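Student: The structure that follows is given in the form of structure tokens.
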Amino acid sequence: MLHNLVEWLLSTRLSQTIQEVEWIVPTLQTIHILFIAVVLSSVSMIILRVLGLVGRSWTIYETAERFLPWIWTALIALVITGALLLTGEPKRSLLNPVFQLKMALLAAMIFITAAFQRSIYGNKGAWDQPALPKPAARLIGGVSLLIWVCIIIAGRWIAYVSVP
Amino acid sequence: MNIGAICRWLDDTQLAAAIREWNGLFAIIETFHVIALVTVVGSIFLIDLRLMGLASRKHSVRDMIGEILPYTWTGFVVAAISGALMFTSKATQYYENFPFRMKMLLLAIAGINMLAFHLLTFRSVAKWDHETSMSAKFAGGLSVILWIGIVTFGRWIGFTILPI
């Protein structure tokens, strides 16, 4: 099924244009990298706050409120640039196990971010009582940051792992 | 100072050979570079948007800079070391590469911009800690433009340097 999708994408005018016009892929990648920086810093500010390492003069609720919109906006930009990159090189992405791993980890992180958002907006004070969140919350925060970093690493390693 | 001679000397070192020849070593070094650079760019954008008065307006500039800059510096050190290692592996090629030269130039300008900000503008921060001054706005805006340029030229290097 994936192979059919790859063949179809390769046949589109969009795919051919992206492959032929030299500056498109580097430009898309550059925009992709800049929005990765936005996601990483936004996610880090929330997680580091949950871990009690930065911004303690602000509540976790205030920190989440401040950075969640940036995370979602950047993720949309990343999906758009990512989809265009994929369209230009469907074999290199869709059939690559490293890319597939990146997508799986990304799906997990989108789910965790949405769950966190629902939890924190659903009960304004809950995350800020007591002063430091439960160990479980902090552990999930720490692991989440690690997974975001793994997503970035996987993104770079798409280029280094060949399609089987 | 004959930079060309220094580059040729670097190219001939055991270290350069190792990075060129040991399977995956360059990719690992580059991975550290990628994580470090998105940390630097992401954290700098946080501060720049604050300096321009476009985000986090309720937050004191002094507090933000104090909390975020350690991460920026750590990232920068890792990026510089990993960058130096990658440069060493093909010093002459990188030195003669146009986007590499532009990236180094913009990094130097960004460094001067930061220095000027810290030595001059930041001195009077007590007066504009909440409503930023024109020179703070300028420093922030210039920084954003420079770092977008640095990322752009950085990615461009990858498309113009011959693979190992």
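Student: Output the DSSP H helices from chain A with an along-axis C-alpha extent of no less than 18 Å and a mean Kyte-Doolittle hydropathy no less than 0.5.
Tutor: Span-like helices, by this rule, are A:24-50, A:60-88, A:97-122, A:135-157.
Student: Could I ask something else about it? Once the Cα gyration tensor of the protein assembly as shown is diagonalised, what are the square roots of 5 times its eigenvalues, in whole Å and ordered largest first, as equivalent ellipsoid semi-axes?
Tutor: 34, 28, 19
Student: Under 19 Å between alpha carbons: how many lysine pairs meet that in the range B:1-141, if sequence neighbours fewer than 8 apart on the same chain are excluded?
Tutor: 4
Student: For the range A:1-93, run through the GluC sites (Glu not before Pro) and keep only the ones in DSSP coil with at most 12 other Cβ atoms within 10 Å of their Cβ.
Tutor: Qualifying residues, ordered by number: A:Glu22.
Student: Also, quick follow-up: If r is the Cβ-Cβ distance from B:Glu96 to B:Gln14 and R0 is 22 Å, what FRET efficiency results, to the nearest 0.05?
Tutor: Using R0 = 22 Å, I get an efficiency of 0.45.
Student: Nearest 20 debye, what's the magnitude of the dipole of chain B about its Cα centre given +1 on Lys and Arg Cβ and -1 on Asp and Glu Cβ?
Tutor: 400
Student: A further question on this structure: Rounded to the nearest 0.05, what FRET efficiency is calculated for B:Ile28 and A:Ser162 with R0 set to 25 Å and r the Cβ-Cβ distance?
Tutor: 0.90
Student: Using alpha carbons only, how many angstrom separate the centre of the range B:44-86 from the centre of the range A:36-113?
Tutor: The range B:44-86 and the range A:36-113 have Cα centres separated by 19 Å.
Student: Quote the FRET efficiency, to the nearest 0.05, computed for A:Ile24 versus A:Gln100 with a Förster distance R0 of 35 Å and r equal to the Cβ-Cβ distance.
Tutor: The computed FRET efficiency comes out at 0.90.
Student: Counting only protein heavy atoms and a 1.4 Å probe, tell me what percentage of the protein assembly as shown's accessible area is made up of carbon and sulfur.
Tutor: Percent of accessible area from carbon and sulfur atoms in the protein assembly as shown: 71.
Student: Working from Cα positions, state the angle (0 to 90°, nearest 10) between the long axis of helix B:25-51 and the longest principal axis of chain B.
Tutor: 20
Student: Here is a follow-up. Highest first, please rank the peptides A:136-149, B:10-23, A:24-37 by the mean number of other Cβ atoms sitting within 10 Å of their residues.
Tutor: Those peptides, ordered most packed to least, come out A:24-37, A:136-149, B:10-23.
Student: Still on this model: Relative contact order of chain A, please, whole-number percent, based on alpha carbon pairs below 8 angstrom and at least 6 residues apart.
Tutor: Value for chain A: 32 percent.
Student: Mind checking which lysines have their C-alpha under 19 Å from A:Lys102, skipping anything on the same chain fewer than 8 residues away?
Tutor: Cα-Cα hits under 19 Å: A:Lys91.
The values are calculated or read from the model by the stated rules, or taken from the named source; none is laboratory data. On a predicted model such as this, the values are computed, not experimentally measured, just so you know. Cβ atoms come from the backbone with ideal geometry, glycine included; neighbour counts cover every protein chain shown. The protein model used for the area step is the full one, side chains on, heavy atoms only, and it has no ligands, DNA or RNA in it. Shrake-Rupley method; radii C 1.70, N 1.55, O 1.52, S 1.80 Å.
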